[in-house]
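The values are calculated or read from the model by the stated rules, or taken from the named source; none is laboratory data. Everything numeric in this text was worked out from a predicted model, so none of it was measured. Note that each Cβ is placed from the backbone with ideal geometry, even for glycine, and that neighbours are counted across all protein chains shown.
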Amino acid sequence: MKEHLTHPVFNIISEIIEKDNLKAFVIGGFVRDLFLNRQSKDIDIVVVGSGIDLAKKVASRIKPEVNISVFKAFGTAMLKFNNFEIEFVGARKESYRLNSRKPIVEDGSLEDDQNRRDFTINALALSLNKKTYGKLNDPFNGLSDLNNKIIRTPLEPEQTFSDDPLRMIRGIRFATQLGFTIVPEAIEAIKNIKERIKIVSSERIVDELNKILLTDKPSVGLKLLEETGLLEIIFPELTALNNVETINNQSHKNNFYHTLEVVDQICKNTDKLWLRWAALLHDIAKPATKKYVPNIGWTFHGHEFIGAKMIPGIFKRLKMPMNEKMNYVRKMVLLHLRPIILAEDIVSDSAVRRLLFDAGDDIEDLMTLAEADITSKNIKKVNKYLNNFKIVRKKLKDIEEKDAIRNFQPPVTGEVIMKVFELKPSREIGIIKDAIKDAILDGIVKNNFKEAYEYMLQKGKELGLTAKNDLSKSI
Ligand code: CTP
């Protein structure tokens, strides 16, 4: 493998350890990805000795100088060099990332260290010592697991997972990313000790969920999370979707599997993480709004409104960003039915304008979500919808070109209204503003100051107001 160890850091390490009579290896994801022909941006170095000391020596040899970050509590150090993050750790007998306060003991051999890693495919190590440069150390047949596409733990799975329960989700994430199969005994172990996931921080869990969502087929991982019982613990709102009820011989669809289909479908059309999250959460309020209405069947009225309301709580609990990303997901959930409603009937310009107004710059994403939401098995129905979506898209384009609604700012401001009618802040101002907005969206007046001003005067009159100042020439 030595021809693949081209990054200059390997040579620097090799020279240092030769001089200091140490042993060091490149290990983990970098080696795994080398065999898989995947691009890797991180390099993990394990040294039989102190990782921090080795990192300092390496840094002093790099010109121009680089900063190193030392994580004393973990016994690791990191530096950035030639676009790679390079992490140094001393070989240890203890678990690699133990969730405990015990001090890190760096007194292990390479094999001790490999024993304590998460998966056999992540325990492959290449020697950096001159004599054995590039030689593979593979005590658990990780290479054959790589070739056979298998996720297996180096130790008994319960032991490896107990060392760091996040590994249960990491295993599922690797299976999803790489298209690998988790060995049955590891699946069983997850089922047995799934409760231990509760000691892992939400940030680390969400990191893995994001990685699952960023794969080509997140349903693989989401199904495994569900089957092992982990999802119930970390995301009960999603498992609540997994049921089918029947009354009077009428059943509703399983909204969990529908959601998985929508997520997989949207992944074909977008790389955007937050749009993928919106797909995952679009029907989240279906259980809360489910109702059987005699003669009509199952309804989920208002699930988009209640769903949008649930988003901040979910984001908060999972310690996800409470910023514009959350607002975006909430907006997508709120609006997700709107394009479908438009696509059901002949579309009026007014309805299209309102959708443009409400979605703003996110209109394209909303259309992508709505299209992914069509999961009917009835090809005729699917084609009808997709065709209508084409019509909606065309109308959106035409109307946007004509009326520039997307970033609509009312042409007549509240300030103008106050000045013209000499009003103090009051209810009337809101009424007139809304009337102008509606008139523009309904196509009654054009989206410009002149027409909006005229309309304001008319509305004012209807409300019994008298225009006291003329601002018609003010723009
Ligand atoms: N590791 C581990 N247990 C963990 C996390 C990491 O044993 N809970 C070990 C594995 O050997 C892993 C290495 O540390 O290969 C580096 O971890 P990390 O950078 O998180 O993951 P990668 O394997 O590099 O994969 P990715 O970059 O896709 O997360």
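A few notes on this one:
- Breaking point among (1) touching a residue at least 60 places away in the same chain (Cβ under 8 Å); (2) surrounded by 21 or more Cβ atoms within 10 Å (Cβ to Cβ); (3) within 16 Å of the ligand (Cβ to nearest atom), for residue 47: (1)
- Within the stretch 372-382, the only residue that satisfies the criterion of being out of contact with any helix residue (DSSP H, G or I) (no Cβ under 6 Å at 6 or more places or on another chain) and surrounded by 12 or more Cβ atoms within 10 Å (Cβ to Cβ) is 382.
- Test: residue in the stretch 145-161 that is under 23 Å from residue 14 (Cβ atoms), buried (at least 24 other Cβ atoms within 10 Å of the Cβ) and modelled with pLDDT of 95 or more: no
- Scanning the stretch 383-394 for residues that are of a type in the set (Val, Ile, Thr) and either surrounded by fewer than 15 Cβ atoms within 10 Å (Cβ to Cβ) or on the phi > 0 side of the Ramachandran plot (or both) yields a single hit, 391.
- Checking each residue in the stretch 26-43 for being crowded, with 19+ Cβ neighbours inside 10 Å and touching a helix residue (DSSP H, G or I) at 6+ places or on another chain (Cβ under 6 Å) picks out 28, 32, 43.
- Within the stretch 338-371, the residues that satisfy the criterion of being free of Cβ contacts under 8 Å to residues at least 24 places away in the same chain and either part of a helix (DSSP H, G or I) or buried (at least 18 other Cβ atoms within 10 Å of the Cβ) (or both) are 341, 351, 358, 364.
- Those helices (runs of 4 or more DSSP H) of the stretch 225-309 in which at least 2 residues are modelled with pLDDT of 95 or more and either in contact with a strand residue (DSSP E or B) (Cβ under 9 Å, 6 or more places away or on another chain) or more than 20 Å from residue 213 (Cβ to Cβ) (or both), considering only elements entirely within it, cover 286-289.
- Test: residue in the stretch 164-184 that is modelled with pLDDT under 95 and of a type outside the set (A, V, I, L, M, F, W, C): yes
- Candidate set: the stretch 161-192, residues that are closer than 18 Å to residue 38 by Cα and not in a helix (DSSP H, G or I); chosen: the one nearest to the ligand (Cβ to nearest atom): 180
- Any pair with Cβ under 6 angstrom, 6 or more apart, that starts in the stretch 144-171 at a residue that is in the same structural domain as residue 187 (by TED's automatic domain parsing) and closer than 15 Å to residue 185 by Cβ and ends at one that is acidic (Asp, Glu) and within 10 Å of the ligand (Cβ to nearest atom): 167/118
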